[in-house]
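The values are calculated or read from the model by the stated rules, or taken from the named source; none is laboratory data. Worth saying up front: this structure is predicted, and the values here are computed from it rather than measured. Using ideal geometry, Cβ is built from the backbone for each residue, glycine included, and neighbour counts are taken over all protein chains shown. Please note that ligands, DNA and RNA were not included when accessible areas were found on the heavy atoms of the full protein model with its side chains. Shrake-Rupley method; radii C 1.70, N 1.55, O 1.52, S 1.80 Å.
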Amino acid sequence: MDGRRTVLVTGATSGLGRAAAGRLAATGGWSVLLGARDPGRGAQVAAGLGPTADVVALDLASLDGVRDAAARIAARGRLDALVLNAGVQLPVADRASADGYELTFAVNHLAHFLLTVELLPHLAPGARVVVVSSGTHWGTWRKSGPFPAPRWADPRELARPRRESGQRAYATSKLANVLFATELARRHPEVDVAVVDPGLVPGTGLHRGYPAPARAVYTGLAPLLARLPFASGVGQAADVLAAAVTGPPGTSGRYLERGVEVPSSPDSRDPARARELWEASRELTGS
């Protein structure tokens, strides 16, 4: 309306998403739409960011909620960028979303897949889609540290709640993020897709789904974790994520590790696996 470009950021009320939204709201020429599961909290964050920020209710644990939010977002006008940042990590992969899918896979991948597909017709030409992944998708000590490696399977199996390590389910969902971004770039050359690995960011509160004792241990370890070679501070990671939105275009589907373009893992560059994930995700989301 005022000539500004508009970016939607999911998971924008805390951690990395909130920090990146703040960077973008302060960037000349951009308005920021905060996707928030709690609209009241989202409104408070938006008020703190100033007149270039607004909020939209977005429950990523419900596919109907995603569709409703996408319709409201589309009614506001064209979008110039999507930042698919929200994520959950749980102790065990046995919790279900509103649709009966394993919660980590549902929120971290399926909801963002559906949101993107629903909004594609409403993206401006050359719009940027930024997918936040993680070095955990590698499953190697150098990239992931002691984090369990992904365990890939038929996406319909990954969508089932199960007694499996929640950390492994998280790493697998981050592999799904890269595969999704790669296939999105292939199928939709009209958008510019970038995957961002911000590094390990101990201050984001991603461990909030864990029991209180585990949260306390993680909080105590955070200063040590921040010293790991693949770690980043929240502010540093937010700068990288904001730059992925506002920076010049590049090869669509590129993988940015803390702002530097590098190859993603070999498993994430499997075109057959990426196509399989896309088709299964369409089936699982009914899109």
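Worth pointing out:
- Here the range 251-276 is the region considered, the condition is being open to solvent by 20 Å² or more (accessible area, probe 1.4 Å) and polar (S, T, N, Q), and the residue that is farthest from Val107 (Cα to Cα) is Thr251.
- Hits in the range 158-191 (condition: out of contact with any Ser or Thr (no Cβ under 8 Å at 6 or more places or on another chain), within 14 Å of Ala96 (Cβ to Cβ) and hydrophobic (A, V, I, L, M, F, W, C)): Ala159
- In the range 229-250, the residues that are within 16 Å of the chain's Cα centre (by Cα), open to solvent by less than 40 Å² (accessible area, probe 1.4 Å) and under 19 Å from Val191 (Cβ atoms): Leu241, Ala242, Ala244, Val245
- Breaking point among (1) modelled with pLDDT under 95; (2) in contact with a strand residue (DSSP E or B) (Cβ under 7 Å, 6 or more places away or on another chain); (3) open to solvent by less than 30 Å² (accessible area, probe 1.4 Å), for Gly205: (2)
- Taken over the range 107-135, the criterion of being part of a helix (DSSP H, G or I) and touching an Asp or Glu at 6+ places or on another chain (Cβ under 7 Å) is satisfied by Gly135 alone.
- From the list Glu190, Glu157, the lone residue that is within 20 Å of His112 (Cβ to Cβ), open to solvent by 30 Å² or more (accessible area, probe 1.4 Å), of a type in the set (D, E, K, R) and in a loop (DSSP other than H, G, I, E, B) is Glu190.
- Selection status of Thr104, open to solvent by 10 Å² or more (accessible area, probe 1.4 Å), closer than 15 Å to Thr172 by Cα and in contact with a Phe, Trp or Tyr (Cβ under 8 Å, 6 or more places away or on another chain): no
- Checked across the range 277-285, the condition of being surrounded by fewer than 16 Cβ atoms within 10 Å (Cβ to Cβ), hydrophobic (A, V, I, L, M, F, W, C) and modelled with pLDDT of 95 or more holds for no residue.
- Lone qualifier among Lys174, Lys143 - being buried (at least 23 other Cβ atoms within 10 Å of the Cβ), at negative phi and not in a strand (DSSP E or B): Lys174
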